[in-house]
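Every number in this text was worked out from the coordinates using simple rules, so none of it is lab data. What you see is a predicted model; the values in this text were computed from it and never measured. Don't worry about glycine lacking a Cβ; one is built from the backbone with ideal geometry, like all the others, and counts go over all protein chains shown.
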Amino acid sequence: MSLDYVDRRHTQTEDRYAADDLETMQGATRYAAHLFALFRPFVGRRVLEVGCGIGTMSEKLAAVADVVLGIEPNRSCAVQVLEHMRAEPKFSLRECLLEECDPAELASHRFDTVFCVNVLEHIQDDVAALATFERVVQPGGHALVWVPAVPAAYGPLDAELGHHRRYTKPTLAQAFTRAGLELVSLRYTNPIGLIGWMYNAHVGKSTRHSPMQVKLFETLVAPWALPLDRLLPPPVGLSLVAVGRRAR
């Protein structure tokens, strides 16, 4: 791995790198729609969004839910999501870490959904985070989790983004089980994106998402690859999509 990168695993909330990266990824509109479509059957009416970033998913959640409470510890992201969602009365924000929240107080909101996209990998104790999801969601409610997959794909960009890990199906399933969540479904997505990520990690040594690569994916790959992905889950991919349920 190149040494010309910043390892933000323990400092990721302290600068605006995350906000800048999310702004670049806002160009991936088809990919965002694909992501939300995979989770849509499990999104309820009262949603806790853990790590809402700059509001890309918050807007989609507010369109289908009655209440969306976002948690976001990065100040630069929090400023942007508040601006982005200022006209949406269904949305409110807490600028803090999940670990700083009182699980009993969160549970009092009677959430039926915890929505967590590209966040669990940023949390050092991921099992503890999933256990919090299990505590705050209502019995029968769902924890919807999207994480980066394939440890061999870990590269400078992962470190820059503050990723503690990339997952395999067994490691993510084990984390859900240890947290007391019943695993409803677990699947890979975006195998073509994995090829690009592997190249960027081990050949290009990229430390930022490329706007040009995002545009090429959106225009040349996404229109045909993402519908096929939803129809036929691939055997491996850039990300893992997990749905857990609180059984009691």
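Given the peptides 168-178, 210-220, 140-150, arrange them by the average over their residues of other C-beta atoms within 10 Å, most packed first.
Working: 168-178: 16.6, 210-220: 14.0, 140-150: 23.4.
Descending mean neighbour count gives 140-150, 168-178, 210-220.
FRET efficiency for the pair HIS109 and LEU232, taken as 1/(1 + (r/R0)^6) with r the Cβ-Cβ distance and R0 = 35 Å, rounds to 0.40. Computed from Cα atoms alone, the Kirkwood hydrodynamic radius reported for segment 1-78 is 14.0 Å. The long axis of helix 222-231 is offset from the longest Cα principal axis of the chain by roughly 50 degrees.
Sorted ascending by nearby beta carbons within 10 Å, beginning with the fewest, CYS77, CYS101, CYS52 become CYS101, CYS77, CYS52. Taking R0 as 25 Å, what FRET efficiency do you get between ALA87 and ARG16 from their Cβ-Cβ distance, rounded to the nearest 0.05? Rounded to the nearest 0.05, the efficiency is 0.60. Only one residue of ALA131, ASN118, SER92 has its Cα farthest out toward the positive end of the dipole of segment 86-140, where Lys and Arg carry +1 and Asp and Glu -1 on Cβ, and that residue is SER92.
Starting from the Cα gyration tensor of segment 7-147, take the square roots of the eigenvalues, sort them a ≥ b ≥ c, and report rounded, prolate or oblate (rounded when a/c is under 1.5, otherwise prolate if a/b is larger than b/c, else oblate). Working shown, then result.
On the way: a/c = 1.42, a/b = 1.13, b/c = 1.25.
Because its axes are fairly even, with a/c under 1.5, segment 7-147 counts as rounded.
Between THR171 and THR219, the simple spin-label model (points 7 angstrom out along Cα→Cβ) gives 3.6 nm. On full extension, the segment bounded by GLN26 and ALA63 gains 11.5 nm, given 0.36 nm per residue less the C-alpha separation. Pairs of Lys residues in the chain, spaced 8 or more positions apart or belonging to different chains, with C-alpha separations under 30 angstrom: 6 in total. Taking only the C-alpha atoms of segment 79-145, the Rg (one decimal) and the largest Cα-Cα distance, Dmax (whole number), read 12.7, 35 Å. For segment 119-243, the Kirkwood estimate of the hydrodynamic radius, built from every pair of different alpha carbons, is 15.5 Å.
Stokes-Einstein diffusion for the chain at 25 °C, viscosity 0.890 mPa s, with a Kirkwood radius from C-alpha pairs, works out to 135 µm²/s.
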